[in-house]
Every structure is written in structure tokens, then in C-alpha cells.
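The values are calculated or read from the model by the stated rules, or taken from the named source; none is laboratory data. The structure presented is a predicted model; accordingly, all values stated were derived computationally and were not measured. Note that each Cβ is placed from the backbone with ideal geometry, even for glycine, and that neighbours are counted across all protein chains shown.
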Amino acid sequence: MWTFLPGMLFESERKWWNKKGNREAPHEGVDLLLYKTKRGLIERVEVGTLIPALFSGEVVSIVEDYLGSSIFVFSPPNFIWAYGHIEINGEVKKGKKLERGEPVGKFAPSKKGNVPAHMHVSLAVLLGNCSFTLSWSTIVKERRLKLIDPMPYIALEYELIETFDF
Ligand SMILES: [Zn+2]
């Protein structure tokens, strides 16, 4: 079961890495990294773990981000899924149609030592036509997109913990 520190959740204003403190802007999605095993232990997803597409759709943009690479996927009728800080599967290119469950990439080592490797997931609803190039700045600023909490679409149950020793 996915497990979160408070700063990993959607719209959280807190950081969960380094010395904590506040984020520069409310979190645009969720950070997936910790999970609870059947025995009740909290573990980290290992670098190299395959990431399945959460929904089917078409790859519309691939960009570099400050920890890894990001991929934006249009899922009809009007959803944009974004997966960030990952290592993208070499066969996954712009225009590719992804089936749900097909690997989009892997958990990547973090490019910044003070931020633990993790996957960021954002979900946006498209309010008009997608005639712009998707990137992290457009997904936040573009008025034709509205960010929503992806967790109800990822898992209905998850655990919240207060601290984790990285
Ligand atoms: Zn994040």
C-alpha cells in the first residue's frame, strides 16, 4: 500500500526531504516512493523498478526535469497524466500509444543528492484543446488545464506517516 509523508501529497505546502520547511508552491501532484509491505514495514521503491502506465493514452511530451525525465500522456477524453523524475523507457517516444500497465520507464537515481529518488505524478483535466506544448510550467500556469488530486485514480487507500528515516 502506498505510504506518504504529509509533504508528498497533492497541494501540500511542506517539503518532505532535506531540512523540510515549505515548498515554493503547493505540490502539483503526489510523490510516490514509500509503501507498506504485507508485514507492515515501510519500504522505499528501489531504483530500477518498472513504472506501469496508470491509464492508457498517447505520449504528447517528454522533457528533462531537475531530478530525471518527465513524460506527459493524454488520456481521452480529457486527462493529462504526468510522470516526473523517472528514466523513460527508450521505446517510449512522443506519439506512442500506451496501454494501461505498459512500462513507461523506471525509478531513476536522483540527480540531486539531497532529494531522495522518487516518482512525481500529476493529473490535470483539459478544459480546452491541447494546442500547446506540455511541460511543468504549462501544466501549472496554462488556463486550459486544471490540476486535480491523482490519488483517487491511483489508489483509494493509502497510509499517512509522520516521519521516515532516509
Ligand atoms: Zn512531487
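Quick grid of which residues meet (1) more than 18 Å from Asp31 (Cβ to Cβ); (2) of a type outside the set (A, V, I, L, M, F, W, C):
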{"residue": "Gly68", "(1), (2)": "no, yes"}
{"residue": "Phe72", "(1), (2)": "no, no"}
{"residue": "Gly84", "(1), (2)": "no, yes"}
{"residue": "Gly95", "(1), (2)": "yes, yes"}
{"residue": "Arg100", "(1), (2)": "yes, yes"}
{"residue": "Lys111", "(1), (2)": "no, yes"}
{"residue": "Asn114", "(1), (2)": "no, yes"}
{"residue": "Gly128", "(1), (2)": "yes, yes"}
- Just give me the residues in the range 99-138 being without any contact (Cβ under 8 Å) to a residue 60 or more places away in the chain, in contact with a strand residue (DSSP E or B) (Cβ under 6 Å, 6 or more places away or on another chain) and within 16 Å of Pro52 (Cβ to Cβ), in sequence order. Gly101, Pro103, Val104, Gly105, Lys106
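Among the residues of the range 129-150, write down those that are assigned to a helix (DSSP H, G or I) and either more than 18 Å from the chain's Cα centre (by Cα) or under 11 Å from Ile80 (Cα atoms) (or both). Break it down into steps so the answer makes sense when it comes.
Initial filter on the range 129-150 (assigned to a helix (DSSP H, G or I)): 136-141.
Across the range 129-150, the qualifying residue is only Ile139.
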- If you scan the range 1-11, which residues turn out to be near the ligand (Cβ under 10 Å from one of its atoms) and touching a Lys or Arg at 6+ places or on another chain (Cβ under 7 Å)? Gly7
- Message: What's the total number of residues in the range 5-21 that are farther than 21 Å from Ile139 by Cβ and not in a loop (DSSP other than H, G, I, E, B)?
- Response: 1
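On the basis of being in contact with a helix residue (DSSP H, G or I) (Cβ under 6 Å, 6 or more places away or on another chain) and modelled with pLDDT under 95, does Phe166 make the cut? Even if it seems obvious, please write down each step before you answer.
On the way: in contact with a helix residue (DSSP H, G or I) (Cβ under 6 Å, 6 or more places away or on another chain): no; modelled with pLDDT under 95: yes.
Considered against the rule, which asks whether it is in contact with a helix residue (DSSP H, G or I) (Cβ under 6 Å, 6 or more places away or on another chain) and modelled with pLDDT under 95, Phe166 comes out as no.
When you scan the range 102-110, do you find a residue that is in contact with a helix residue (DSSP H, G or I) (Cβ under 9 Å, 6 or more places away or on another chain) and of a type in the set (S, T, N, Q), even just one?
First, the residues of the range 102-110 that are in contact with a helix residue (DSSP H, G or I) (Cβ under 9 Å, 6 or more places away or on another chain): none.
No, the range 102-110 contains no residue that is in contact with a helix residue (DSSP H, G or I) (Cβ under 9 Å, 6 or more places away or on another chain) and of a type in the set (S, T, N, Q).
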- Task: Determine, yes or no, whether Ala117 is part of a loop (DSSP other than H, G, I, E, B), within 16 Å of the ligand (Cβ to nearest atom) and either closer than 25 Å to Met1 by Cβ or modelled with pLDDT under 95 (or both).
- Result: yes
- Of the listed residues (Leu50, Leu34), the one being at pLDDT 95 or above, buried (at least 17 other Cβ atoms within 10 Å of the Cβ), under 18 Å from Pro116 (Cα atoms) and over 12 Å from the mean Cα position of the chain (by Cα) is Leu34
- Test Ser122 against the criterion of being within 16 Å of the ligand (Cβ to nearest atom) and outside any strand (DSSP E or B), and give yes or no. no
- Filter the range 21-44 for residues that are away from the ligand (no atom under 14 Å from the Cβ) and aliphatic (A, V, I, L, M); the one that is nearest to Ser110 (Cα to Cα) is Ile42
